[in-house]
Every structure is written in structure tokens, then in C-alpha cells.
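Only one structure is covered here, and it is reproduced in the block below.
The values are calculated or read from the model by the stated rules, or taken from the named source; none is laboratory data. From a predicted model like this one, the values you see are computed outputs, not experimental measurements. FYI the Cβ positions are ideal-geometry reconstructions off the backbone, even for glycines, and counts take in every protein chain you see.
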Amino acid sequence: MKKKLSGNNSPRRVEKQVAHCYSTWGKTYFKDYYRSPKAYPPVHVSLVERELKSHAAANVLDAGCGPASMLRLLRFLGAERYGFDLTPEMVQEAKSVLAGQGVDPSQVWEGSVLEAGSYKQPVGGKRSRTFDAAVCFGVLPHIAEESDPVVFANLRRSVRKGGMVLVEARNELFSLFTSNRYTYEFITGTLAKATSMSGASTSEKKALRKALDEYQKLFRMDLPPVRKGKAGEPGYDEVLSRVHNPFVARKQLQEAGFRDVRVLFYHYHCLPPMMEAAAPRFYRRRSLAMENPEDWRGHFMASAFVLSGIAC
């Protein structure tokens, strides 16, 4: 669930692995995750539209835009659209898709969310000033924990004072609802830190290991299945793919220079995910009916959230 960086896994090395992971998805990512009947409907797009409309943003930057999955659906917003992404194949697809909507291809470029310079259009482009709004979706899971503040600071510099940012993350607290290996790892590792056994004697450690083995049997440790690549590249769960605690992330965004920070939840699950197969149509229907960004149950029943903040 949380992959820690080792000495050989610098942020740059992680970026290289992530770019390799996404290199085969340029042409299919949008279809697989935004249009496939098997995928959960992209309810987060409506959430973004509502937030940006309320802010009357005349232009928007998508930091980590992928194949313009979000930007292409914001065409009716009336705002100028810009974006950059780490993966060349994604950038090329984004340029092609947005060009078909009348967007200048120079408004999409290659860049890293870790580099402040990536948040401005390259030399020769029309846009060198700050933006009215910036969005960042599908990116934080692939950023090392120590780099979160860097991304938030870069987003702050990318928007004008009073500008809006919308940042998406996977919800760490959702693991308390899933009853699978994520639950066990979060409770014993992050929450209780029981696996460290600090201060326990040799006999106590032996007894605790036995107790943890028994505790582990309460969870489906085989779920969810590990997502692998399809053409020799590493899959989503084989590169850094973290989750975030909404309480911690909200505080970090505030510290980066944002006010009125809200946590907006989406992708609800009406029951633990392993139960979906029992009645898939009911499960999807009931989950969609629960979609409410500000429902307190989202802390546990929604697998993702969006941080919305205004630049101070």
C-alpha cells in the first residue's frame, strides 16, 4: 500500500519507473478509466467542474495531465487549458486530443511536478504568468512522502493570489473499511506500529508475532490483486503508489500557503470492495447514490479525496 524509497530509489529514479509504467497507456488510459463500463464513473470531473465554476477560473493548469483525461472533459468550462506530464507518450496523446478541440499544442508540454519550472509554459509559449487555477490528479500516489511539500509549494507558486488548487489523493483511511491486506498493513504498521515491537523482550516478541499471525487471518490478504503491466513495463502496484491521510494532507496544503482548505471525498463504496462481486449492479448503483463530497462517511467509505484550497 505504501512503498518506501530505498537508497537506490531516488525521486528521479521513481519518476523514471512511473513514466515507464504509464508509457503504454497513452492511447488507452482515457478509455479504460473514464469511458469503460467496468470502471467507476469519473464523478471527480463533475466535482472539479463545480469547484472551478464557483471560482470563475479563466485559465487552468493540469499538473500531471496524462492524456488530457481531465482537460478534454473541461472543454465546456470556457477556460484556457494548459497541462504538462512526465510521460512523453501521454503528452503526445494530450496534444493530439486537445488540438482536436482547438487548443494550441504548445499549451501541453513535458514536465515534472517536482520542478518549479515545469509549471510555466516553455519558452515561446503564450503563458508565462501564474494561473487562476491548477489541478493535480493521479500524481500524489507516485510522489515520495518527503516530496509532498515540494509539490504543494510548486502548486502555490503556479497560481495567483486568490487562485484555486484542486489536488487528488488516494484515501489512506479507506483501508479501515476494506478488510483486506490494506487494513492489516495500516492497523499494524501505520496506526499501531505493532510490527516494530519496540521495547518487547525476546519472549514477548515471539508471542506478539504469533498473535499478529492470528490477527492477519481476519483479513483477505490476497486482496486486492496486484496490478501488473501489460507489455513488460511495471504495473501500477509495482511502482511507488502511496495513499494519503486526509487530515495530514489538509494540514500540509495549509502550510504551503492555502486557506479555506476543504477535503472533498469521491468514489464511495457502499460495502467493502470484496462484496461487489455478489451483486455488482446493486453495488455500483448504491455506491453512486452515496456520492457526496462532504459526507463524513467519506473518510472511511470513499477511496479518494480532493483537497480544494485558495492561495493566500
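Overview of results
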| quantity | calculated |
| --- | --- |
| Given (1) touching a Lys or Arg at 6+ places or on another chain (Cβ under 8 Å); (2) under 22 Å from residue 298 (Cβ atoms); (3) not in a helix (DSSP H, G or I), number of the condition residue 264 does not satisfy | (1) |
| Residue among 229, 235, 257 that alone is touching a residue at least 12 places away in the same chain (Cβ under 8 Å) and in contact with a helix residue (DSSP H, G or I) (Cβ under 6 Å, 6 or more places away or on another chain) | 257 |
| Within segment 269-282, tally of residues that are under 30 Å from residue 27 (Cβ atoms) and either out of contact with any helix residue (DSSP H, G or I) (no Cβ under 9 Å at 6 or more places or on another chain) or surrounded by 15 or more Cβ atoms within 10 Å (Cβ to Cβ) (or both) | 5 |
| So residue 306, is it more than 21 Å from residue 175 (Cβ to Cβ), part of a strand (DSSP E or B) and either in contact (Cβ under 8 Å) with a residue 40 or more places away in the chain or not assigned by TED's automatic domain parsing to the domain that holds residue 19 (or both) | no |
| Among residues of segment 229-254, those that are exposed (fewer than 13 other Cβ atoms within 10 Å of the Cβ) and charged (D, E, K, R), counted | 2 |
| Among the candidates 277, 231, residue that is over 30 Å from residue 162 (Cβ atoms), small (Gly, Ala, Ser), more than 19 Å from the chain's Cα centre (by Cα) and assigned to a loop (DSSP other than H, G, I, E, B) | 231 |
| All helices (runs of 4 or more DSSP H) inside segment 120-205 with 1 or more residues being in contact (Cβ under 8 Å) with a residue 40 or more places away in the chain and closer than 22 Å to residue 77 by Cβ | 148-158 |
| Of all residues in segment 283-293 being outside any helix (DSSP H, G or I) and free of Cβ contacts under 8 Å to residues at least 40 places away in the same chain, the one that is surrounded by the most Cβ atoms within 10 Å (Cβ to Cβ) | 290 |
| Extreme residue, surrounded by the fewest Cβ atoms within 10 Å (Cβ to Cβ), among residues of segment 59-78 that are closer than 21 Å to residue 129 by Cα and either of a type outside the set (A, V, I, L, M) or modelled with pLDDT under 95 (or both) | 78 |
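Condition check ((1) under 22 Å from the mean Cα position of the chain (by Cα); (2) among the hydrophobic types (A, V, I, L, M, F, W, C)) across all residues:
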position: 67; (1), (2): yes, no
position: 70; (1), (2): yes, yes
position: 82; (1), (2): yes, no
position: 86; (1), (2): yes, yes
position: 107; (1), (2): no, no
position: 110; (1), (2): yes, no
position: 120; (1), (2): yes, no
position: 148; (1), (2): yes, no
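Per-residue answers, yes or no, for (1) in the same structural domain as residue 245 (by TED's automatic domain parsing); (2) in contact with a strand residue (DSSP E or B) (Cβ under 7 Å, 6 or more places away or on another chain); (3) under 30 Å from residue 298 (Cα atoms); (4) among the acidic types (Asp, Glu):
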site: 114; (1), (2), (3), (4): yes, no, yes, no
site: 119; (1), (2), (3), (4): yes, yes, no, no
site: 133; (1), (2), (3), (4): yes, yes, yes, no
site: 138; (1), (2), (3), (4): yes, yes, yes, no
site: 144; (1), (2), (3), (4): yes, no, yes, no
site: 165; (1), (2), (3), (4): yes, yes, yes, no
site: 172; (1), (2), (3), (4): yes, yes, yes, yes
